[in-house]
Amino acid sequence: MKRFWMLLGATLFSLGAHAGPQINVGVVYDYLDAEKSTYMKRVFNGGTSTAFVKVNILEMLYDKDGSYREVPLQDQVGSSARDGLMASPARLIVPANGTQGTRLLFMGNRDKERYFRVRFVPVVPQSEDEFALTDEERADYKDSLAAGVRVLAGYGTVFFVRPKNTRFDTQVDNTANRYALRNNGNSVVVVDEFKDCLVDNPRDCRPTVKHHIMAGRSFSFDKQPGREYRFSLIEGAAKKSIEIKG
């Protein structure tokens, strides 16, 4: 029991209506550059009690029409290691107002860009081998949450693994009525903080959005008189600010 309460610290003393773990994983999109094989992802717990978090990973396979499937990782040919992205550790114990990190490690084929769904799911430990807790420790944790917690909210992020030989080639087609970008490279290009605003009132804008242009695909919009369009075009480490007027 002593070890368990050291983990929880003093996080269980205040259990009001909003008590319990509340995790935050930062940005939703992460990118692994060609020269790297590991990436540190940190999980912050802003709640009032310890968060027990499982990290689940599925590969996202895109079809030609833009739809995708999420599938379990497969073993590498001739090896027991997984072909894809792995989390170490895959189970995190994050104290209240504290942070823990998991290292995302890619192993396998990088001939083309690959995409993964990484989910960070707060759970109530159910078996002794999950988080190395005894039956009594798990029962104490469940009791501490019972008065204030109804839903444990998790997060799903998208992880882009760039190909080994990354190449950027973004083509621009800027006509009087239309603006288009086509990704002729082999790695995702980001249209970041895309803003569609009135020219006479730069604060009067439609919601800011982010677009990912995958290899072989395009992003475009029709220009409207009296409006201006601002965004950042990001190709890996290179970032360019663009402003277009209708």
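Candidates are the residues of the range 91-117 that are aliphatic (A, V, I, L, M) and within 30 Å of Asp140 (Cβ to Cβ); the one that is nearest to the chain's Cα centre (by Cα) is Leu92.
Listed here are the strands (runs of 3 or more DSSP E) enclosed by the range 195-243 that have at least 3 residues being surrounded by 16 or more Cβ atoms within 10 Å (Cβ to Cβ) and at negative phi: 227-235. Scan the range 98-107 and give yes if some residue there is at pLDDT 95 or above, of a type in the set (Lys, Arg) and not assigned by TED's automatic domain parsing to the domain that holds Val25, otherwise no. No. In the range 38-55, is there at least one residue being assigned by TED's automatic domain parsing to the domain that holds Arg119, closer than 16 Å to Glu113 by Cβ and at pLDDT 95 or above? Yes, because at least one residue in the range 38-55 is assigned by TED's automatic domain parsing to the domain that holds Arg119, closer than 16 Å to Glu113 by Cβ and at pLDDT 95 or above.
Here Val151 does not fit the description of being modelled with pLDDT of 80 or more and either assigned by TED's automatic domain parsing to the domain that holds Ser88 or touching a strand residue (DSSP E or B) at 6+ places or on another chain (Cβ under 7 Å) (or both).
Please verify whether Glu35 is under 30 Å from Asn184 (Cα atoms) and not assigned by TED's automatic domain parsing to the domain that holds Ser187, treating the condition exactly as stated. Spelling it out, Glu35 is indeed under 30 Å from Asn184 (Cα atoms) and not assigned by TED's automatic domain parsing to the domain that holds Ser187. Out of curiosity, is Ile242 of a type in the set (A, V, I, L, M, F, W, C), at pLDDT 95 or above and closer than 30 Å to Ser37 by Cα? When the stated conditions are applied, Ile242 does not pass them. Condition (residue is without any contact (Cβ under 8 Å) to a residue 40 or more places away in the chain, at positive phi and not assigned by TED's automatic domain parsing to the domain that holds Asp111) applied to the range 178-194: is it met by at least one residue? Checked against the condition, which is being without any contact (Cβ under 8 Å) to a residue 40 or more places away in the chain, at positive phi and not assigned by TED's automatic domain parsing to the domain that holds Asp111, the range 178-194 yields at least one hit.
Elements of the type strands (runs of 3 or more DSSP E) sitting completely within the range 22-136 and holding at least 2 residues that are without any contact (Cβ under 8 Å) to a residue 60 or more places away in the chain: these cover 38-45, 51-62, 68-71, 82-88, 91-94, 98-107, 114-123.
The values are calculated or read from the model by the stated rules, or taken from the named source; none is laboratory data. Fair warning: this is a prediction, and the values are worked out from it, not measured in the lab. Positions of Cβ are generated from backbone atoms using ideal geometry, with glycine treated the same way; all protein chains shown enter the neighbour counts.
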